[in-house]
1. Six or more apart or on different chains, Cβ under 6 Å: which pairs go from a residue in region 96-114 that's buried (at least 19 other Cβ atoms within 10 Å of the Cβ) to one that's among the hydroxyl-bearing types (Ser, Thr, Tyr) and part of a strand (DSSP E or B)? Could you list them?
2. Look through region 30-49, keep the residues that are part of a helix (DSSP H, G or I) and more than 16 Å from the chain's Cα centre (by Cα), and return whichever of them is farthest from ARG100 (Cα to Cα).
3. Counting only residues that are under 21 Å from the mean Cα position of the chain (by Cα), more than 16 Å from LEU24 (Cβ to Cβ) and of a type outside the set (A, V, I, L, M, F, W, C), how many does region 67-88 have?
4. Look through region 73-95, keep the residues that are touching a residue at least 40 places away in the same chain (Cβ under 8 Å) and out of contact with any helix residue (DSSP H, G or I) (no Cβ under 7 Å at 6 or more places or on another chain), and return whichever of them is surrounded by the fewest Cβ atoms within 10 Å (Cβ to Cβ).
5. Give me the pairs, please: first residue somewhere in region 177-203 and at positive phi, second residue anywhere and among the hydrophobic types (A, V, I, L, M, F, W, C), beta-carbon distance under 7 Å, and either six or more positions apart or on two chains.
6. Which of the residues that make up region 189-216 are over 24 Å from ARG142 (Cβ atoms), buried (at least 16 other Cβ atoms within 10 Å of the Cβ) and more than 19 Å from the chain's Cα centre (by Cα)?
7. Show me the strands (runs of 3 or more DSSP E) entirely contained within region 165-210 in which 1 or more residues are touching a Pro at 6+ places or on another chain (Cβ under 9 Å).
8. Residues of region 66-85 being small (Gly, Ala, Ser) and farther than 15 Å from ILE54 by Cβ, which ones?
Amino acid sequence: MKSSPVKIDSGPKVGPKVGLKPGLEIVLKCDSAGSLEAVLTALSGMLDAADIGIMHSGVGAVSKSDVDMAVTGSRLIVGFQVSVLPGVDKLLREHHVDLRTYQVIYRLTEEMKALSRGAQPVAPEEQVIGSARVIALFKGSRKGTILGCEISDGHLSLGQHFRIISVAGPVYFGTINSLHIGDRPIQKAMPGQKIGLKINDFNKARIGDLVESYRKKETGAQAGSRPVAGR
């Protein structure tokens, strides 16, 4: 049985300050009340500065009413870990409403910063080759760990640059030196496969973190494997 999205805010719009017109007026949908609170906290600076105004926020799949609301603003719906109800894709096209969904909060906030300031798209300096979700953690060396990962898109292979991304952003950068399925070493992992990725110098990854492999343009000396300060 389908459930209706639960509206979290029934009062006035979230941000901006009185008398200030936001640069971007959006509809925000999240998968849970906890996620919604985390996203609003992450966007708080932009809300205070009137870079963004949230016309409506709620929990649940993106619905027709969200599209109707977005039409009156910047024609943008921002979703965090949400699905889309049947038929809504057609409405989005008909009403020229842009739906952008995210799995990681820092990516959501970075893109909202760019959009609210009217930044023009620039050519990416890197290409994401593959992604995986951390589904288990195993003890490795004293300072390391083995990430149990399920490949979701593209591929991971030996020699690729990769990063670990938490909900707050990247926490580790390195090079893939070891991939296993069970006890069998492999060169490359494809979507649907569950693999072990060994890291020798970082043990603060968490279940649910995202692993991305990527190709980056060479710009002088390349940094080696390193955790990001603060994790």
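Each value in this text was obtained by applying a stated rule to the coordinates, not by laboratory testing. Keep in mind the model is a prediction, meaning the values are calculated, not measured. Positions of Cβ are generated from backbone atoms using ideal geometry, with glycine treated the same way; all protein chains shown enter the neighbour counts.
1. Correct list of pairs: LEU108/TYR102.
2. ASP48
3. 2
4. Residue satisfying both the conditions and the ranking: LEU85.
5. Qualifying pairs under 7 Å: GLY192/ILE151.
6. ALA189, GLN193, listed by residue number.
7. Of the strands (runs of 3 or more DSSP E) lying wholly inside region 165-210, those with at least 1 residues that are touching a Pro at 6+ places or on another chain (Cβ under 9 Å) span 169-175, 179-181.
8. SER83
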